[in-house]
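Asks: Quick one: the structure is below, questions incoming.
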Amino acid sequence: MSDALILNVVLWLPVAGIVYTAAADERRPDAVRGWSFALMLVQFALTAWLYLRYDAADPGLQFATRLPWIPDWGVAYLIGLDGYNVLLVLLTAFLGPLVVAGSWTAITKDVRLFHAMVFLIQFAMLGTFVAQDLFLFYLFWELMLVPMFLMIGIWGGERRIYATIKFVLYTAFGSILMLAAMIYLVWSLKTTTGVASFAFADLYGAGLKPAAQSWLFAAFALSFAIKVPIVPLHTWLPDAHVEAPTAGSVILAGVLLKMGTYGFMKLGFPLFPDAAREATVIVMLLGVISIVYGACLALVQTDIKKIIAYSSISHLGYAMLGLASVDLIGIQGAVMQMVSHGLTAAGLFFMVGMIYERCHSRNLADYGGIAKLLPVYSVFFMVLTLAAIGLPTTSGFTGEFLALLGTFRTAWQAHAAGNSTMLWLAGVAVTGVVLGALYMLWFAQRFLFGATRAPHAEHVRDLSAREVGILAALVAAVFWLGLFPDEPMRKTELAARQYQQLVGGARAVAALPATEARR
Amino acid sequence: MNVQTVLVSMLPEHLLLAGLCLVLVLDILGRAPRTSFALALGTVVAAAAAAAVLSAGGYAAATFVGQLSVSPATSAGKAIVLVLAVPVLMLSRDEFRDAQFPMLALASLYGACLMISADSFLTLLLGLETLSLPVYALVLLAMQRKDCAEAALKYLVLGGTATGMLLMGASLLFGWSGTLAIDAFARALDAPSALARAGAALVLCAFFLKAAIFPFHAWAPDAYQGGSVPATAYMATIVKAAVLLAVVRLFGAAELSPAMIALVAVPPLVSIVWGNITAMRQPSFRRMIAYSSIAHAGFLFFALLGAVEGRFQAIAFYLAAYGLMSLVAFTALPHDGDDAVDDRIDSLKGLFHRRPYAAVTLAIAMLSLAGIPPLPGFVAKFLVFRNVMAAGHTELAVLGLVGSYLGLYFYLRVIQYMFMAAHPYGATQAALRRHAFAASLVCLVPVALLTVFPGWALGLLRG
């Protein structure tokens with residue numbers, strides 16, 4: 001079987017899963033869970049195989065499939081892996097089986113529909129990442145709303161309807177403007193070059209006028225910024241996270257938010273480089289505000305889920321900084337930060353779900369001394385907390401450190417050229433690291449240590465083998481990225497260089513040797 | 001005029017007429033309504049197939065010079081209308097046991113076909129009346145309902161107004177150009193004469209009224225709510241499709257002058273916004289669909305802003321996607337007995353647990369109407385706005401898209417009720433309605449085709 005075919009199988013396997021759940025028997029939920037888990041595992045195995053086969057030295061699209069789909073408009077079914085998406089696809093496929101395993105006991109209502117929705121989300125997320133055609137990308141991007149809407153709305157908490165409608169209305173507003181921008185973009189490509197195409201590779205060369213670029217960039221950026229989310233467009237996130245079931249939170253934090261940063265990296269910045277360069281300082285400023293503001297909000301929350309929700313906003317601010325820096329190290333750091341946050345936030349949401357299943361409370365004040373009550377749980381919790389803070393040897397360190405380093409390199413250059421704004425911003429961003437350590441450690445201290453108390457403490461048991469398995473897999477991945485970041489980063493390096501070239505243009509390429517010389 | 005041309009080019013119409021006569025005779029002979037129903041269904045399928053074959057074969061002929069001509073595009077339009085009629089007829093079978101519904105529907109479909117291929121205002125008017133008059137009776141068929149007479153009367157009176165406006169407009173155009181050919185309308189659009197412009201505006205307003213465009217929309221919610229489900233389905237899909245296809249033909253190859261752009265863009269834009277906002281507050285499902293159809297009529301008229309060569313394709317694709325998806329929604333509605341209760345959106349609560357198939361198909365229909373990809377509703381909307389933007393009306397396209405965003409909420413509310421709420425009147429396990437189920441399958445096959453192969457469908461409708 002050729003590798004391109006395997007990528008198609010990976011993408012379409014969830015659809016097979018949906019068909020399976022439609023035909024399955026609602027009275028035997030364990031069979032549904034088991035088969036769904038098996039399918040997800042197969043999907044992950046195939047993705048891992050593709051990841052191993054991925055050639056880091058090839059800058060082009062790998063395992064590509066190109067079929068004409070709507071020839072009149074130049075729309076093609078064009079999918080493939082490249083340095084931008086390879087790690088994110090791996091992350092998505094990795095979280096798939098964990099999500100199914102993690103909902104084993106938590107979801108007892110409409111089990112078939114739940115798994116169908118998990119599959120649909122998986123399909124949409126993978127599709128968004130592997131699509132190399134703007135039309136296809138948009139298709140998957142919007143499709144993602146539907147299963148998430150149902151997942152939060154059906155299996156969510158008390159205010160689930162409010163949260164899910166808010167989530168959909170926020171994200172859909174961004175996408176409708178993106179749709180308008182997309183139509184305009186493709187149309188101008190056709191009028192300037194005569195090529196009717198939605199392929200990213202063609203659109204990069206659209207050569208738009210700066211005035212048009214600013215509008216289009218604004219539309220795309222709005223859509224992606226809502227998804228990331230960047231302050232002040234973040235207000236849907238805490239609600240969605242708090243009300244979503246564990247699986248929903250894990251998917252949201254693990255992969256969905258990365259769609260925003262991925263969108264910036266793959267489309268927002270490179271499609272409209274002139275506008276993006278103009279907006280660099282604004283994007284950095286918003287990134288820094290997200291980092292600091294998110295951290296401050298996380299500090300004062302009393303709801304465990306909200307702490308992690310706000311920490312997501314803070315952590316993805318680093319990814320935005322790294323991308324806006326247009327520095328090779330910064331970009332690489334941004335990608336690592338996305339993946340790392342996907343792992344740690346997913347892990348922490350799993351852990352919140354596990355304690356909620358036992359004690360039925362998310363109120364931090366109800367807890368204390370969990371370390372004595374649930375020792376195994378606490379060890380995992382501490383490891384994931386430290387990874388989220390960015391302790392060296394964990395993935396969080398790789399991401400945060402590189403993103404900040406890249407930002408400083410760009411900021412220093414700008415400073416040398418007489419503009420210190422970026423340097424100030426980068427300086428403020430560093431305080432986010434301290435704040436991050438503060439809120440996470442304070443949270444862990446109140447949660448794990450002190451006098452032992454928890455609702456229903458007398459019935460509480462430590463982690464089951466299934467739960468240990470989920471967390472062990474996540475922790476292993478966290479250490480893999482922390483200890484051996486070299487291997488995955490080689491696979492993303494060429495894409496980072498391409499991004500640098502597309503966004504930075506002549507400036508970045510000329511500036512690079514100068515930096516090397518200064519060191 | 002030669003006999004062969006008349007026979008071949010109007011084959012769909014002839015089949016409908018023959019079927020209608022047979023059904024009438026069978027009814028007089030007192031045969032079982034079941035036979036009439038099967039015959040009517042067969043007739044419509046055959047007519048649809050004939051239209052499709054004519055269109056695919058590229059058949060074009062001037063059947064009656066100056067009055068009626070056939071082109072691949074008109075045949076494709078007829079095929080769409082007739083295909084939409086198949087599920088409507090099937091849907092009617094669950095509610096109306098006797099042969100009246102199929103009879104009236106066949107007569108009305110004949111008018112639709114006539115209207116789509118009209119070359120002169122005379123034929124157009126003939127088609128429009130033949131299309132509309134049976135529909136008044138269709139609405140009245142559900143006489144046991146409370147609001148039924150009111151609905152039919154409103155539809156009748158306002159339909160009469162539309163006819164009046166059309167006649168007035170046509171006579172003004174006749175006075176200006178000395179001809180009843182519908183090209184006069186297109187030429188009048190950018191003519192310097194006040195007479196011509198007034199005529200064109202009146203004709204356009206008549207069609208606005210028929211398609212329920214703001215500010216001529218107020219009849220639609222009452223008519224939709226008062227009629228039965230199949231009658232509403234007929235009005236929302238087939239009447240709308242026939243009217244819009246006639247409009248495309250009317251506009252022909254006319255480029256819009258700036259003054260006309262305002263006339264063609266503003267009422268539809270307001271329709272989109274007003275329809276979508278008002279739909280949010282409706283307690284009745286059919287009323288909500290009426291407002292949704294007002295918004296969709298806005299999108300359809302928007303397509304006229306695009307370049308000439310893309311108009312037919314955009315409108316025909318939109319009609320097919322919109323019609324099929326609305327019909328899927330109608331086939332999925334609960335039918336537990338009391339129509340007034342069934343029609344409340346509240347009664348959709350918990351539908352997923354009572355009838356999962358209906359809930360899932362209704363959800364798909366709502367998502368498609370909301371324009372969520374990859375469903376055909378999205379491709380249709382994309383096509384319209386792509387054409388509008390390509391014609392240089394960027395601001396209008398953005399406004400229209402933002403207007404379509406407003407509709408998202410009420411479509412989602414239906415899904416929310418079905419999946420996220422418990423049934424308010426206690427769970428009743430409604431029996432599966434055989435014909436509605438079959439009708440939904442009939443709709444879902446072309447829906448799947450349009451979803452998976454939109455490129456192929458667009459190629460067929462290139463016009």
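The values are calculated or read from the model by the stated rules, or taken from the named source; none is laboratory data. Remember, it's a predicted structure, so these values are computed and weren't measured experimentally. Reconstructed Cβ throughout: ideal geometry from the backbone, glycine too, with neighbour counts over all protein chains shown.
Asks: Just to be sure before I move on: is A:Ile70 more than 25 Å from A:Leu257 (Cβ to Cβ), buried (at least 21 other Cβ atoms within 10 Å of the Cβ) and within 12 Å of another protein chain (Cβ to nearest Cβ) in the structure I sent?
Replies: When the stated conditions are applied, A:Ile70 passes them.
Asks: Let me ask something else about it. Would you point out which residue out of A:Ala387, A:Ala414, A:Ala403 is at pLDDT below 90 and of a type outside the set (S, T, N, Q)?
Replies: Answer to the check: A:Ala414.
Asks: Look through the range A:75-93, keep the residues that are of a type in the set (Val, Ile, Thr) and assigned to a strand (DSSP E or B), and return whichever of them is nearest to the other protein chains (Cβ to nearest Cβ).
Replies: A:Val75
Asks: Identify the single condition in (1) free of Cβ contacts under 8 Å to residues at least 40 places away in the same chain; (2) buried (at least 23 other Cβ atoms within 10 Å of the Cβ); (3) in contact with a Phe, Trp or Tyr (Cβ under 8 Å, 6 or more places away or on another chain) that A:Met117 does not satisfy, given that it satisfies every other one.
Replies: (3)
Asks: For the range A:344-360, check the following and say yes or no: at least one residue is in contact with a Phe, Trp or Tyr (Cβ under 7 Å, 6 or more places away or on another chain) and surrounded by fewer than 21 Cβ atoms within 10 Å (Cβ to Cβ).
Replies: no
Asks: Considering each residue of the range A:126-145, count those that are of a type outside the set (Ser, Thr, Tyr), closer than 16 Å to A:Met265 by Cβ and more than 9 Å from chain B (Cβ to nearest Cβ), and give that number.
Replies: 6
Asks: Given the structure, is B:Arg413 closer than 17 Å to B:Ala321 by Cβ, surrounded by fewer than 23 Cβ atoms within 10 Å (Cβ to Cβ), basic (Lys, Arg) and at the interface with another protein chain (Cβ under 10 Å from one of its Cβ atoms)?
Replies: Taking the combined requirement at face value, the residue does not satisfy it.
Asks: Let me ask another. Inspect the range A:160-173 for any residue being more than 10 Å from chain B (Cβ to nearest Cβ) and touching a Lys or Arg at 6+ places or on another chain (Cβ under 8 Å) and give the result as yes or no.
Replies: yes
Per-residue answers, yes or no, for (1) buried (at least 24 other Cβ atoms within 10 Å of the Cβ); (2) within 8 Å of chain A (Cβ to nearest Cβ); (3) out of contact with any strand residue (DSSP E or B) (no Cβ under 8 Å at 6 or more places or on another chain); (4) of a type in the set (Phe, Trp, Tyr):
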site	(1), (2), (3), (4)
B:Ala365	yes, no, yes, no
B:Leu369	yes, no, yes, no
B:Pro374	no, yes, yes, no
B:Ala380	yes, no, yes, no
B:Leu383	yes, no, yes, no
B:Val388	yes, no, yes, no
B:Ala391	no, no, yes, no
B:Leu396	no, no, yes, no
B:Leu399	no, no, yes, no
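Asks: So A:Val86 passes all but one of these: (1) surrounded by fewer than 17 Cβ atoms within 10 Å (Cβ to Cβ); (2) touching a Lys or Arg at 6+ places or on another chain (Cβ under 6 Å). Which condition number does it fail?
Replies: (1) is the only condition that A:Val86 fails.
Asks: Can I ask one more? For A:Tyr204, which of the numbered conditions (1) buried (at least 24 other Cβ atoms within 10 Å of the Cβ); (2) farther than 30 Å from A:Asn363 by Cβ; (3) not hydrophobic (A, V, I, L, M, F, W, C) fails to hold?
Replies: Answer for A:Tyr204: the failing condition is (1).
Asks: Let me ask something else. May I ask you to say which residue of B:Ala223, B:Ala162 is modelled with pLDDT of 90 or more, under 14 Å from B:Ser132 (Cα atoms) and either of a type in the set (A, V, I, L, M) or not in a helix (DSSP H, G or I) (or both)?
Replies: Answer to the check: B:Ala162.
Asks: For the range A:180-196, give me the residue count where each residue is within 11 Å of chain B (Cβ to nearest Cβ) and surrounded by 15 or more Cβ atoms within 10 Å (Cβ to Cβ).
Replies: Residues in the range A:180-196 being within 11 Å of chain B (Cβ to nearest Cβ) and surrounded by 15 or more Cβ atoms within 10 Å (Cβ to Cβ): 11 in total.
Asks: Hey, could you check the range A:149-159 for residues that are more than 8 Å from chain B (Cβ to nearest Cβ) and buried (at least 24 other Cβ atoms within 10 Å of the Cβ) and say which is nearest to A:His241 (Cα to Cα)?
Replies: Checked the range A:149-159; the qualifying residue nearest to A:His241 (Cα to Cα) is A:Ile152.
Asks: If you take the residues in the range B:422-454 that are at pLDDT 90 or above and among the small types (Gly, Ala, Ser), which one is nearest to B:Val83 (Cα to Cα)?
Replies: B:Ala439
Asks: Tell me which residues, restricted to the range A:56-74, are part of a strand (DSSP E or B) and not small (Gly, Ala, Ser).
Replies: Of everything in the range A:56-74, those that are part of a strand (DSSP E or B) and not small (Gly, Ala, Ser) turn out to be A:Gln62, A:Phe63, A:Thr65, A:Arg66, A:Leu67, A:Pro68, A:Trp69, A:Ile70.
Asks: State whether one or more residues within the range A:223-235 are in contact (Cβ under 8 Å) with a residue 40 or more places away in the chain and among the charged types (D, E, K, R).
Replies: For the range A:223-235, residues in contact (Cβ under 8 Å) with a residue 40 or more places away in the chain and among the charged types (D, E, K, R): present.
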